[in-house]
Amino acid sequence: QCLLSGSWRSDTGCRMVMYSLGKDSRFSGTYLPGPAAGNSELLTSPLEGSQQDAGLVPQPTFSFTVNWHSETARTTIFLGQCYVDTNGEETLHALWLLREAANSPAEDWKATR
């Protein structure tokens, strides 16, 4: 059914807990990076997002933003789609962008991964 509420784990060990969707298809939750992040200063951080109405679209798209609780200013945006296989198992596929604060416009080129 592709309802994003619940706990999800990525291939790299990151964990997302998404709370139930509101009537406007918005959700909130928490995000904890896995060991692959390699940065011990990153803590559990809040996330906010939205998805298409799963009642109207069987495999909805979604997006959410994580504003990291860390000493450096950084934000990650995830954009993806929820798929349901023939066994009814839900899988999320997403692309992400990580933006770190740059010290000047000259350093802007290296601030987004």
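The values are calculated or read from the model by the stated rules, or taken from the named source; none is laboratory data. Just so it is clear, the model here is predicted, and its values are computed rather than measured. With ideal geometry, Cβ positions are generated from the backbone for all residues, glycine too; neighbour counts draw on all protein chains shown. Areas reflect the complete protein model, heavy atoms only, side chains present, ligands, DNA and RNA absent. Shrake-Rupley method; radii C 1.70, N 1.55, O 1.52, S 1.80 Å.
Here is the short version for the chain: 14 have no other Cys C-beta closer than 4.7 Å. For the stretch 1-32 and the stretch 59-113, what is the centre-to-centre distance using only Cα atoms, to the nearest Å? Distance between centres, Cα-based: 13 Å. Think of a 1.4 Å ball rolled over the protein heavy atoms: the stretch 6-107 then has 64 Å² of accessible area per residue. Ignoring ligands, DNA and RNA, what percent of the accessible area of the chain is carbon or sulfur (1.4 Å)? The nonpolar share, carbon plus sulfur, comes to 52 percent. The candidate values were [x] 17.9; [y] 16.3; [z] 15.1; the one computed from these coordinates for Kirkwood radius over Cα pairs in Å carries the label [z]. Count Lys and Arg as plus one, Asp and Glu as minus one, and take only other residues whose Cβ is under 13 Å from that of residue 59; the net charge is then -4.
Evaluate the charge dipole of the chain about its Cα centre and quote only its size in Debye, nearest 20, assuming +1 on the Cβ of each Lys and Arg and -1 on the Cβ of each Asp and Glu.
Using only the charged Cβ atoms, the result is roughly 80 debye.
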